[in-house]
1. Any chance you could run the full-extension gain for residue 296 through residue 132? It's 0.36 nm times the residue separation minus the Cα-Cα distance, nm to one decimal.
2. Using a ≥ b ≥ c from the Cα gyration tensor of segment 122-212 (square roots of the eigenvalues), is it rounded, prolate or oblate, where a/c under 1.5 gives rounded and otherwise the larger of a/b and b/c decides, a/b for prolate?
3. Which of rounded, prolate, oblate describes segment 249-327, given a ≥ b ≥ c as roots of the alpha-carbon gyration tensor eigenvalues and a/c under 1.5 marking rounded, otherwise prolate only if a/b is larger than b/c?
4. Compute the length gained on full extension between residue 308 and residue 268: take 0.36 nm times their separation in residues and subtract their Cα-Cα distance, giving the result in nm to one decimal.
5. Between residue 80 and residue 149, what is 0.36 nm times their sequence separation minus the Cα-Cα distance? Round to one decimal in nm.
6. How long is segment 104-284 along each principal axis, judged by its Cα atoms, biggest number first, in Å?
7. What FRET efficiency comes out for the pair residue 163/residue 215, r = Cβ-Cβ distance, R0 = 45 Å, nearest 0.05?
8. Between residue 72 and residue 195, with labels modelled 7 Å along Cα→Cβ, what's the label distance in nm to one decimal, could you check?
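Here, each number is a calculation from the coordinates, and none is a lab measurement. Since this is a predicted model, take the numbers as computed values, not measurements. Every residue, glycine among them, receives a Cβ derived from its backbone with ideal geometry; neighbour counts consider all protein chains shown.
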């Protein structure tokens, strides 16, 4: 009995000691594996893949359009004539190209509130022509949304202009207006997560808003964060009768200019089709410029972009800045 009682403590001590040695060995082995994993990019990864991801995050891409003093598109700019500034500091261009065939992701956002009743048929006809002239099967994709007191997706992304046209024909007039909220949904939920195609929002409406939770500034911010260019086409009655620019048209203009798009104000309702044609023409005549910012801070701050062209008087349109990454 005494031998058994004296033997048990000795057995427990050996077990504890063995456990400590085993745990320490596993901890040391785990540290070595972790260190090797970190140096090789983790499980299934590599250091080069981590560096590649880092480079992609830091690359700033900007699309821009150039027009001469008559408003005609300028198709012959070269890289050596273009300069890009960020917050006043000259940046080194790493990529420059003319974007005539890059895939497009287009959200057509139509005002279906009561104010659109008189012009709805003309809007539908112009929008259908635009979709057939712009969306190229197996390359581009389009989505149709409407807004009144609600926001509705009538056709999700598809590369078929016929299906999009069928959805356009189904638009029905509703009540109030949630334009800013609709822009937020289109940019953040539909366009923001896409990788690859140029992200375009074509907005047709009178610029009025009476029901949104979002504001003009917050709608612009979400478009900029999502790298979406807004092209707005006004259906405001004052534009059709040659009256002075109303508040709503100024809103449409600001949405476009701050995101690198363009605002159109057709003088007559029948000119809507021409405005859509101009949008389609411009989307196939843009330039792309890319640089790695000299500002390496990841503070989420807004950074202003300025582009100019040496030796030629041209009017440029591009997004006015971007939000820095935070991680």
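1. 54.7 nm
2. Verdict is oblate for segment 122-212.
3. Prolate shape, in that a/c is at least 1.5 and a/b is the bigger ratio.
4. Full extension of this stretch gives 11.0 nm more.
5. 19.9 nm
6. Extents along the principal axes, in whole Å: 42, 31, 29.
7. 0.85
8. 4.2 nm
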